[in-house]
Amino acid sequence: MAPPAPITALQGVSVTFGGRPLFETIDLSIGRGDKACLVGRNGSGKSTLMKVLAGMIQPDGGTVFTQPGARIAYLPQEPDFTGCATVHDYVAAGLPADERDETHRVDAVLDRLQVPGHLDPNTLSGGEARRTALARTLVGAPDVMLLDEPTNHLDLPTIEWLEEELLAYRGGLLLISHDRSFLNRLAKRTLWLDRGTVRATDRGFAEFETWQAEVFESEEIAAQKLDRKIEGEMKWLREGISARRTRNMGRVRALLQLRTDRAERIKGGQQAKLAVAEAERGGRLVIEAERISKGFDTADGRKTIVNDFSTRILRGDRVGLIGPNGAGKTTLLKMLTGQMEPDEGTVRLGTNMETAYFDQRRDGLDPEDTIRKVLCPFGGDSVMVNGQPRHVAGYMRDFLFDTRQLDSPVKALSGGERNRLLLARLFARPSNMMILDEPTNDLDMDTLDLLEDVLGDYQGTLLLVSHDRDFLDRLVTSTIAVEGDGVIAEYPGGYSDYLVQRPPPKEKAAAPAKAKPAAAPAAAKPKGKLSYKDQRELDDLPARMDKLTAEVAKLEAALADPDLFARDAAKFQKTSDQLQAKQNELAAAEERWLELEALREELEGGRG
């Protein structure tokens, strides 16, 4: 099928900042029906490229084409409300000039996004501001929408509503987002801005990592024909981006076991919880909430936030909190951590708790400080991590920094690099409980991957408030859903598990079609167990994966010799080929283990 005719396009476009090319001779186009995503490392120029398409930045070279009469709508990360007295005024500015009197369209879109039109836009919360900016983008029925991080600060119900709107949208769509679930569902084409150029594939974002690995592999082969310095740079790029997305099967197995343990405790009932309470208060117990309730007096009467909720969180649990904005997540979190007293019920906290807190505001950094000073404020070259000293250069490599940046000032770092530095400082501080309030907002994908890796290895207890479904699925052992009107329930597993286990909506005869499949899996699961052959394969796979992991580590250690290529190019090539083969074998074994483990859980879940 021929690609759609472009509504807007770039031909040979270049942009330079401070004498340095940000990107050069870029070609790309967006046509009707396109649903494409633009991905790339933080600081690579994604937002700048989108602004060029929107006509907000003039390129230094090349041509920007837009079909005559076509409407292009751009959603910035930070909306500018200057000159608008009300939300309604701001959204109405998104209407075409000849349709400004059709204010009923403004009222309709604001009603769908639940933002009062009379509000002063400069007083809006982060979520309200984002919904207002979305309303302005949607109201003009544009031919092309350019959306830069549209899910930032949105709650899950609004994200799901937006997904449905964009799936039904017939114009051209270009997305920048760190939300993998959002991109997996929407993006049918992927544009990758990498080292100053755009690569394109007709594969959706769900296949991006596979495609990215293929690109790096072909480039690495080419790099081996050049000098060792270039080969070393390619290795840095590959490890910095691609290797971090390789699943750590030990971590996956540990998470599945933690979820199983958590499910048993949740299903065990209050009586069993009380029976072991005293034994656990000496160290295992972190939080115990018994039938807590909380409400506030409002102009419309008493509003119940939490009603008769109980939970018990032990050391090592990773608990996600989800729910619409305003439903009471923050209130519940404050009660669980002792910052607010419940109206009824009790909350007991464990002893010797050292809490680290990471929220949307994030602690500032002195722009004149170097990375070394931020991580070693009292001098020296060592960072204490989990009670063990680490050399600062090795520790910063864990957070995707080049060792040459060690003495670079904070002011020279990009936004994503500053976020990574904040994470490095946070995790260098001793803690046994971490509270993360919307940690994924404004993080680029590399930093998001890094945060997931570090949290996956964290030995303490996590309380995670997030709207990122993929992030929750990869990390948490249970999910507390704050549904509103005091209704709160805890479910074993991540967000996908919550969708399967939650009860169907009450008193809604015409529930949305998407809600029905969520309850269906609980109705009739297949009963039985794995075949003898599959069970034996499942039992043998862990040992095989451990063996392959050891072989991969041995080959990687051999290739880490900086003189190997110069000393024996043939051996270098042979070792590289062996490493690729073993990595492929390991990946296949890991996928097969996941497949069989999921099948086993499905079969055994229906028994009894």
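Where a number appears in this text, it was derived from the coordinates with a stated rule and is not lab data. Since we're looking at a predicted model, the values are computed, not measured. Here the Cβ is made from the backbone with ideal geometry for all residues, glycine too, and neighbour counts use every protein chain on show.
Peptides 466-476, 192-202 ranked from most to least packed by the mean count of surrounding Cβ atoms within 10 Å: 466-476, 192-202. Looking at the stretch 329-388, the chymotrypsin sites (Phe, Trp or Tyr not before Pro) that sit in a DSSP loop and have at most 15 other Cβ atoms within 10 Å of their own Cβ are 378.
Sequence-distant contacts, meaning Cα pairs under 8 Å at least 6 residues apart, place the relative contact order of the stretch 379-440 at 34 percent. For the pair residue 100 and residue 299, the difference between a 0.36 nm per residue extended length and the Cα-Cα distance amounts to 68.1 nm. Exposure proxy for 74, 498: other Cβ atoms within 10 Å of each Cβ, ordered fewest to most, give 74, 498. Relative contact order for the stretch 6-213: 29 percent, from Cα pairs under 8 Å spaced at least 6 residues apart, divided by residue count. Think of each Lys and Arg Cβ as +1 and each Asp and Glu Cβ as -1; about the Cα centre, that makes the dipole of the stretch 29-166 roughly 440 debye.
Using the average count of surrounding beta-carbon atoms within 10 Å as a protection proxy, the listed peptides 318-330, 423-435, 112-124 rank, highest first, as 318-330, 423-435, 112-124. Residue 488 sits among other residues whose Cβ lies under 15 Å from its own Cβ, and their net charge, with Lys and Arg +1 and Asp and Glu -1, is 0. For 211, 161, the sequence from fewest to most other C-beta atoms within 10 Å is 211, 161.
Legend: residue pairs 533/554; 411/554; 547/574; 188/574, Cα-Cα distance threshold 28 Å; pairs beyond threshold, 533/554; 411/554; 188/574.
For 149, 438, 556, what ranking results if the residue with the fewest other Cβ atoms within 10 Å of its Cβ goes first?
Working: 149 23, 438 20, 556 15.
Fewest to most other Cβ atoms nearby, the residues stand as 556, 438, 149.
When only Cα pairs below 8 angstrom with a gap of at least 6 residues are kept, the stretch 11-92 shows a relative contact order of 30 percent. The protection proxy used here, the mean number of other Cβ atoms lying within 10 Å of each residue, ranks peptides 96-104, 577-585, 532-540 as follows, highest first: 577-585, 532-540, 96-104.
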